[in-house]
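The values are calculated or read from the model by the stated rules, or taken from the named source; none is laboratory data. All figures in this text were calculated on a predicted structure; none of them were measured in a lab. So basically every Cβ, Gly included, is an ideal-geometry build from the backbone, and we count neighbours across all protein chains shown.
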Amino acid sequence: MERILLRRLAAATAAAALSASGLTITAAAQSDQQPTAAEQPTHAEQVQHWAEVGIDNQLKGLKTSLRLTADQEKDWGPFESAVKDAETARVLALQKEQATNLSPMDHNTAKAERLEQSQANLEKIVEAAKPLYSSLDGAQKRKFIALGRMLVPERGQFAKAMRRLSVGKGDQHSAE
């Protein structure tokens, strides 16, 4: 019984020590120079940053799950660039569309421009994906369609475009 109490006391003491050191470190970090309002990123910059981080993580996940060969790896770069460029353009277009100083007609115009640009970017992604997609085996193609469609807002259109690349080539999943 005494041993159990000593263990609990030791655990509580260790937890208290860790908490105190964490608070000390946090307080020390906060007391260092805080960025001024001019140095802090704007909301738009933060949104752009987190969109880039998100798309980077999705691309890494897709690439990892595909387990590309050295030959397939060569075709990854153009596809990755096209996806990143499209995501950057999409975020900027959404920010323009969501500006509070737009009239209803300007808002509709911005939305139409965003949708038009989105379609053009999807076409660029599909064109960049063609060499990579054609080098994938059947299992990789299924993964590419399933996971790749999460990279673009036009998920269904991306999947259809990728499946169309297989029509007539004897792929098993082209009939899906």
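No other residue among R149, R142 is surrounded by 13 or more Cβ atoms within 10 Å (Cβ to Cβ) and within 22 Å of W50 (Cβ to Cβ) apart from R149. Every condition in (1) exposed (fewer than 15 other Cβ atoms within 10 Å of the Cβ); (2) under 21 Å from the mean Cα position of the chain (by Cα); (3) at pLDDT below 90 holds for E123 except the one numbered (3). Of all residues in segment 77-98, at least one satisfies being under 24 Å from A159 (Cβ atoms), assigned to a helix (DSSP H, G or I) and free of Cβ contacts under 8 Å to residues at least 12 places away in the same chain.
Residue selection: A112 satisfies the criterion of being more than 15 Å from Q72 (Cβ to Cβ), modelled with pLDDT of 90 or more and small (G, A, S).
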